[in-house]
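Beneath this line is the structure, given in structure tokens, with notes to follow.
We did not get these values from a lab; they are worked out from the coordinates using the rules stated. Computed from a predicted structure; not experimentally measured. When we count neighbours, we look across all protein chains shown, and the Cβ atoms used for this are built from the backbone with ideal geometry, even at glycine.
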Amino acid sequence: MQLPRMIRVRQVFEPTPPVAIRDTLNAELPKLYSLIKPGARIAVGVGSRGITNLSEIVSEILVQLLAIGSKPFIIPAMGSHGGATPEGQLEVLASYGITEESMGVPIRASLKVKPVGLTEDMVTAYCSSEALAADGILLVNRIKPHTDFFGSLGSGLLKMCVIGLGKRTGATAMHLGATQFGYERVIRGMASVIIKTAPVIGGVAILENQFHDTAKIVVIPRDAMESAENDLLVEAKALMPLLPLDEIDLLIVDRIGKNISGAGLDPNVINRSIHGYNSLPMRGDHSAPFIRRIFVRGLTPETHGNAIGIGMADATTTRLVREMDTNKTNINSLTALTPQSSKIPIAFDTDREAIERMLMSLPMSDPQNARIVRIADTLSVADMEISEKLWSEIKLRENVIALNKLRGFLFDDEGNLN
């Protein structure tokens, strides 16, 4: 098959000023000091997302907590990730450079939880037993749009209260409640119970720009946690890069993983749902971007075999299937009540075969006119490769620039992309 020529392009965004992590935390953390007594044991909750500068941010938080005489330790705050085992969650943190040796404090990875109360909808909220035994809980997380729902709340500190501190038990309770009352209502209700009953002192909220650089760090005291994320989510949405295209025949995604998105593939980017999608090639009234076929090539090392989200793709590779840890993937998808997201699509031995077969599955007379996009992952869409047809449609836009010249696909001797 004669494939179209491709060109690498970059979206142009307003730059964000650099953030001096130590100076920023030095100015922000004192907001919490009135809540921390000398010698207090502070549980610092760290999640499973691939946050830029995460180890540096966590390390500096610990340094400053130690400097005021408290006794911080780390707890994994990541629901059922890592196969819902202490060892698996320690492995996830280690992949981000967060270990007892590098941080200089203990990591308590128990998944034991206790019920701490009921919401108005009679949903039980749970909290980590290790965190409840501490004198204070400080959560560290990035604020960004959620993958499962839309509203005034996204993925951030309140969600980490519920799913991170609740471990697998809390995550399951939240998702069950959400099927009856909706995600935002249940997360807000459970988080409110946890903030009122557990020794939560606040959170460190992180925003990232379109190139994953740290754009903002804000410390939020416990009394402001239930409302402060609203404005931060508006900022996060404005900073989030999306695909600047109306229709795509084939989207090639180099890698998916839990460090990229809680859903593996971010539904905000691909415009597909974790609960299933329509594979008909006719657009109808489908909103942009309308993507007819998605081909996922591999997994990130940081996901440790968790391939959740692969069910939103139409094709993958046999090498991804071999790397997939079905136990971790299934635990995660069942905890989230999204079995669709762990289904394995048709798998091909080579990238070339996958690309050709996906194009053959579409009603087009000339594959060289196909609208093809290749991205590294759904967190990295500032730079991408697009086919000649798409380039002809958007090359006059001021917010997109070419980084090289049109050229053919580059396959190795085995038929796989570089």
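Key figures for this structure:
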read-out	value
Protection proxy ranking of 311-317, 119-125 - average other beta-carbon atoms within 10 Å, highest first	311-317, 119-125
Signed unit charges on C-beta, dipole axis of the chain, positive-most listed residue Ile355, Ile256, Leu334	Leu334
Net charge contributed by nearby residues that have their C-beta within less than 11 Å of Val105 (K/R +1, D/E -1)	+1
Check: the stretch 98-203 dipole with +1 on Lys, Arg Cβ and -1 on Asp, Glu Cβ, in debye	100 debye
Cβ-derived FRET efficiency at R0 35 Å, Asp135 paired with Val12, nearest 0.05	0.15
Cα-centre dipole for the chain with unit charges at Cβ (Lys and Arg positive, Asp and Glu negative), debye to 20	560 debye
Rh by Kirkwood over Cα pairs, then Stokes-Einstein D for the stretch 227-274 at 0.692 mPa s and 37 °C, µm²/s	259 µm²/s
Nearest 10 degrees, 0 to 90: helix 167-181 Cα axis against the chain principal axis	70 degrees
Cα-based equivalent ellipsoid, the stretch 313-418: semi-axes from gyration tensor eigenvalues, Å	30, 18, 14
Pairwise centroid distance, computed over Cα atoms, of the stretch 353-399 with the stretch 191-251, Å	30 Å
Extension gain, Ala238 back to Ala94 (0.36 nm per residue minus Cα-Cα distance, nm)	48.7 nm
Among 401-412, 3-14, the order from most to least packed when residues are scored by Cβ within 10 Å on average	3-14, 401-412
Spatial separation of Cα centroids for the stretch 83-128 and the stretch 1-76, in angstrom	18 Å
Whichever lysines have a C-alpha closer than 19 Å to that of Lys343, once near sequence neighbours (fewer than 8 apart) are set aside	Lys258, Lys328
C-alpha long axis of helix 326-335 to longest principal axis of the chain, angle in °	70 degrees
20 Å Cα-Cα reach of Lys216 towards aspartates and glutamates, excluding residues that sit fewer than 8 places from it in its own chain	Glu14, Asp23, Glu28, Glu56, Glu60, Glu208, Glu226, Glu229, Asp231, Glu235
Theoretical ellipticity at 222 nm over the chain - DSSP helices of four or more residues, -39500 (n - 2.57) apiece, nearest 500	-8500 deg cm²/dmol
Hull-based mean projected area of the stretch 157-243, where the convex hull spans the alpha carbons, in square nanometres	6.5 nm²
Lysines with Cα under 27 Å of Lys389, excluding same-chain neighbours fewer than 8 positions away	Lys405
Residue order, fewest to most beta carbons within 10 Å, for Tyr126, Tyr96	Tyr96, Tyr126
Stretch gain in nm, segment Ser102-Ala20, where the contour uses 0.36 nm per residue and the Cα spacing is subtracted	27.5 nm
15 Å cut-off, amide nitrogen to a point 7 angstrom out along Lys405 Cα→Cβ, residues in the stretch 1-40	5-8
log₁₀ of I(q)/I(0) at q = 0.13, 0.16 Å⁻¹ - the stretch 36-239, Debye sum with one point per alpha carbon	-0.64, -1.01
Gained length - Glu353 relative to Leu334, 0.36 nm times residue gap less alpha-carbon distance	3.7 nm
Modelled FRET efficiency - R0 41 Å, Ile344 with Arg5, Cβ distances, 0.05 increments	0.85
Globularity index of the stretch 160-299, i.e. its alpha-carbon radius of gyration over 2.2 N^0.38 Å	1.24
Label-zone membership for the stretch 1-31, site Asp213, 7 angstrom Cα→C-beta point, backbone N under 15 Å	11-21
Peptide ranges 375-382, 43-50, 391-398 listed from the most packed, as the mean C-beta count within 10 angstrom indicates	43-50, 375-382, 391-398
Taking the C-alpha atoms of the chain, convex hull volume expressed per residue in Å³	135 Å³
Antiparallel bridge percentage (DSSP; both residues within the chain; nearest 5)	45 percent
Spin-label model distance (nm) - Tyr33 vs Ser361, 7 Å beyond Cα toward Cβ	5.9 nm
Selection from Ala94, Ala43, Ser55, by position along the positive dipole direction of the stretch 43-115 (Cβ)	Ala43
